[in-house]
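The values are calculated or read from the model by the stated rules, or taken from the named source; none is laboratory data. Every value quoted in this text rests on a predicted model; they were computed, and no experiment measured them. Here the Cβ positions follow ideal geometry from the backbone for every residue, glycine too, while neighbour counts run over all protein chains shown.
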Amino acid sequence: MDRHEWAAQTLSVRPGDRVLEIGCGHGVTASHVCAEPAAGPREATQRFVGLDRSAKMTAAAVRRNAAHVAAGLAEFRTGVFPAADLAAGRPFDLAYAFNVRLLWTDPAAARAVAGLLRPGGRLFVFFRLPSWSPAAHREVAAQAARTLTAGGLAVTADAQDEAVESGYVTALTPPG
């Protein structure tokens, strides 16, 4: 299992969830999220929005996920977070990012994500460090937890998987 598949399984996407990926890159994790069997039947499957600041990456994500895009299950947008217009429509149930340092260093970015999530919505901040170690994970996880808390979210978990040399911190928006 690679880190993208691991992240998709960690998210535990539920039928009907509206999902946002910040920094979708080539759309590798998105392809796993959109294909998750837990997503349920086609008519109940989540709506996925991937955002990346690079038009080249967004185009690659569209190509990789062409079937999901054609089925109306996914869309990919080019824009800079948090300035991108993502607030249109109903709020997201779940947001995640992989190696988007802004989300573990900038409380304003955490607040921006919280503003896009429904009450009780979930945010996962995944990271894979260049030199992986449990100590490095603890340091980044602690920084992410402080940032998310300062951004108004309630941190609920911190975990790592040494097999994929990745970790995450997850948080919830306040209940409505």
Considering only region 136-152, I want to know if a residue exists there that is out of contact with any Gly (no Cβ under 6 Å at 6 or more places or on another chain), assigned to a loop (DSSP other than H, G, I, E, B) and of a type outside the set (D, E, K, R). yes
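Would you point out which residue out of THR173, THR105 is more than 22 Å from VAL19 (Cβ to Cβ) and of a type in the set (Ser, Thr, Tyr)? Steps first, answer last, please.
Values: THR173 fails: more than 22 Å from VAL19 (Cβ to Cβ).
Testing whether each residue is more than 22 Å from VAL19 (Cβ to Cβ) and of a type in the set (Ser, Thr, Tyr) leaves just THR105.
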Out of all the residues in region 110-131, is one or more at pLDDT below 95, buried (at least 18 other Cβ atoms within 10 Å of the Cβ) and β-branched (Val, Ile, Thr)? yes
Any residue in region 110-127 that's touching a residue at least 12 places away in the same chain (Cβ under 8 Å): show its pairings with residues that are in a strand (DSSP E or B) and among the polar types (S, T, N, Q) at Cβ separation under 9 Å, as long as the two are six or more apart or on different chains. ARG122/THR156; ARG122/THR170; LEU123/THR170; PHE124/THR170; VAL125/THR170; PHE126/SER166; PHE127/SER166
When you check VAL125 against the structure, is it under 18 Å from THR10 (Cα atoms) and either hydrophobic (A, V, I, L, M, F, W, C) or touching a Cys at 6+ places or on another chain (Cβ under 8 Å) (or both), yes or no? yes
Among the residues of region 46-72, the number that are over 16 Å from the mean Cα position of the chain (by Cα) and assigned to a loop (DSSP other than H, G, I, E, B) is 4
Which condition does GLU139 not pass, out of (1) surrounded by 15 or more Cβ atoms within 10 Å (Cβ to Cβ); (2) at pLDDT below 95; (3) over 24 Å from GLY27 (Cα atoms), if it passes all the others? (1)
If only one of THR156, THR149, THR105, THR170 is surrounded by 16 or more Cβ atoms within 10 Å (Cβ to Cβ) and either touching a residue at least 24 places away in the same chain (Cβ under 8 Å) or on the phi < 0 side of the Ramachandran plot (or both), which one is it? THR170
Do you know which residues across region 153-168 are modelled with pLDDT under 95 and in a strand (DSSP E or B)? ALA157, ASP158, ALA159, GLN160, ASP161, SER166, GLY167, TYR168
Going through region 66-96 one residue at a time, which ones are touching a residue at least 60 places away in the same chain (Cβ under 8 Å) and under 13 Å from GLY151 (Cβ atoms)? ALA95
Only residues that are modelled with pLDDT of 90 or more and either farther than 20 Å from ASN99 by Cα or of a type outside the set (D, E, K, R) (or both): list them for region 35-54, please. PHE48, VAL49, GLY50, LEU51, SER54
Residue selected from region 55-95 under the condition surrounded by fewer than 14 Cβ atoms within 10 Å (Cβ to Cβ) and in contact with a helix residue (DSSP H, G or I) (Cβ under 8 Å, 6 or more places away or on another chain), by the criterion modelled with the highest pLDDT: ALA71
